[in-house]
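Below is one structure, written out as structure tokens; comments come after it.
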Amino acid sequence: MTTSGAALREISFHYDPISPYAHLAFERLPEALMGHSVAVRYKPVLFAALLKAHGQLGPAEIPAKRDWTYRQVSWLAHQHGVRLDLPAAHPFNPLALLRLGLACATDDAPGDTNRFVTEQLFHHVWHGGQDATDPARLADLQGRLQDHMAQRGKPWSPPDGEVVKQRLRANTDEALALGLFGVPAMVVEGRVFWGLDALPMLRACLDGDAWFNTQWSAAADRPVGVRRPG
């Protein structure tokens with residue numbers, strides 16, 4: 001993802017492994033960034049907290065939208081050549097996975113998971129069509145992640161400890177402060193790109209497309225015509 005001799009640009013990839021769109025975007029991100037000198041920070045957040053803060057439901061929580069969501073993500077996976085097996089049950093509580101990921105964070109980047117760890121979380125959910133919350137599978141995942149940290153010579157933080165819980169709270173609070181309302185959300189130089197279908201837009205931004213010099217800010221200046229009562 002990097003090119004020698006160019007200044008490194010930072011992208012934060014905010015995700016929750018519960019989201020199939022985040023899984024798809026994670027898999028396609030390297031291609032979108034190809035040729036650019038970038039550092040990606042993978043930041044787990046609690047998607048449900050973002051939804052609650054904005055008074056929203058997730059797509060799988062809306063009965064009329066649920067079947068379409070699973071059909072669409074299956075089609076998108078087929079279209080993009082990405083493996084995606086729907087888990088045995090969805091939605092589910094992703095807290096255990098989020099905490100396992102942040103148990104692998106290091107002191108110099110306490111809110112980040114590296115790409116290997118992030119991949120392990122997504123594959124746990126979206127490969128094999130199994131129960132993402134099965135205790136035996138979670139124990140197996142924890143063992144692999146602990147081995148990964150041992151091989152790196154890095155400490156492992158207890159997933160149920162206060163340090164890890166605080167990391168997740170801090171990441172989610174940071175996401176809310178940035179105005180994030182969903183996952184995946186990619187942030188580069190203050191601009192937020194939401195969803196798998198935003199990857200070409202992100203690429204254009206990195207390429208220096210002149211559209212961003214005028215139209216990005218102009219879109220936020222549109223007056224509100226009417227508000228529905230809350």
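Taking helices (runs of 4 or more DSSP H) that fall entirely within segment 132-227, which contain at least 3 residues that are among the charged types (D, E, K, R) and open to solvent by 30 Å² or more (accessible area, probe 1.4 Å)? Give the derivation first.
Values: elements: 135-152, 162-177, 199-207, 211-218.
So the answer is 135-152, 162-177.
Yes or no: Ala49 farther than 24 Å from His148 by Cα, open to solvent by 20 Å² or more (accessible area, probe 1.4 Å) and touching a helix residue (DSSP H, G or I) at 6+ places or on another chain (Cβ under 9 Å)?
On the way: farther than 24 Å from His148 by Cα: yes; open to solvent by 20 Å² or more (accessible area, probe 1.4 Å): yes; touching a helix residue (DSSP H, G or I) at 6+ places or on another chain (Cβ under 9 Å): yes.
Considered against the rule, which asks whether it is farther than 24 Å from His148 by Cα, open to solvent by 20 Å² or more (accessible area, probe 1.4 Å) and touching a helix residue (DSSP H, G or I) at 6+ places or on another chain (Cβ under 9 Å), Ala49 comes out as yes.
Would you call Ala89 in a helix (DSSP H, G or I), out of contact with any Cys (no Cβ under 6 Å at 6 or more places or on another chain), over 22 Å from His148 (Cα atoms) and not β-branched (Val, Ile, Thr)? I'd like the intermediate steps shown before the answer.
Working: in a helix (DSSP H, G or I): no; out of contact with any Cys (no Cβ under 6 Å at 6 or more places or on another chain): yes; over 22 Å from His148 (Cα atoms): yes; not β-branched (Val, Ile, Thr): yes.
Taking the combined requirement at face value, the residue does not satisfy it.
Tell me, which residue of segment 63-91 that is of a type in the set (S, T, N, Q) and surrounded by 14 or more Cβ atoms within 10 Å (Cβ to Cβ) is nearest to His123 (Cα to Cα)? Let's see the steps before the verdict.
Within segment 63-91, the first condition is being of a type in the set (S, T, N, Q), and the residues that meet it are 69, 72, 74, 79.
From the residues that got through so far, the ones that are surrounded by 14 or more Cβ atoms within 10 Å (Cβ to Cβ) too are 69, 72, 74.
On the way: Thr69: 19, Gln72: 19, Ser74: 15 Å.
Step by step, filter segment 63-91, then rank; the result is Ser74.
Just to be sure I understand the filter: pairs with C-beta atoms under 7 Å, separated by 6 or more residues or on different chains, first member in segment 30-43 and part of a strand (DSSP E or B), second member among the acidic types (Asp, Glu). Which pairs pass?
Ala39/Glu10; Arg41/Glu10; Arg41/Asp112; Tyr42/Asp112; Lys43/Asp112
Out of Ala109, Ala60, I need the residue that is open to solvent by less than 60 Å² (accessible area, probe 1.4 Å) and touching a Ser or Thr at 6+ places or on another chain (Cβ under 8 Å). Which one? Write out each step before concluding.
On the way: Ala109 fails: touching a Ser or Thr at 6+ places or on another chain (Cβ under 8 Å).
Testing whether each residue is open to solvent by less than 60 Å² (accessible area, probe 1.4 Å) and touching a Ser or Thr at 6+ places or on another chain (Cβ under 8 Å) leaves just Ala60.
The values are calculated or read from the model by the stated rules, or taken from the named source; none is laboratory data. All values reported here derive from a predicted model rather than from experimental measurement. Quick reminder, even Gly has a Cβ in these numbers, built from the backbone with ideal geometry, and neighbours come from all protein chains shown. Note: areas computed on protein heavy atoms with side chains; ligands, DNA, RNA excluded. Shrake-Rupley method; radii C 1.70, N 1.55, O 1.52, S 1.80 Å.
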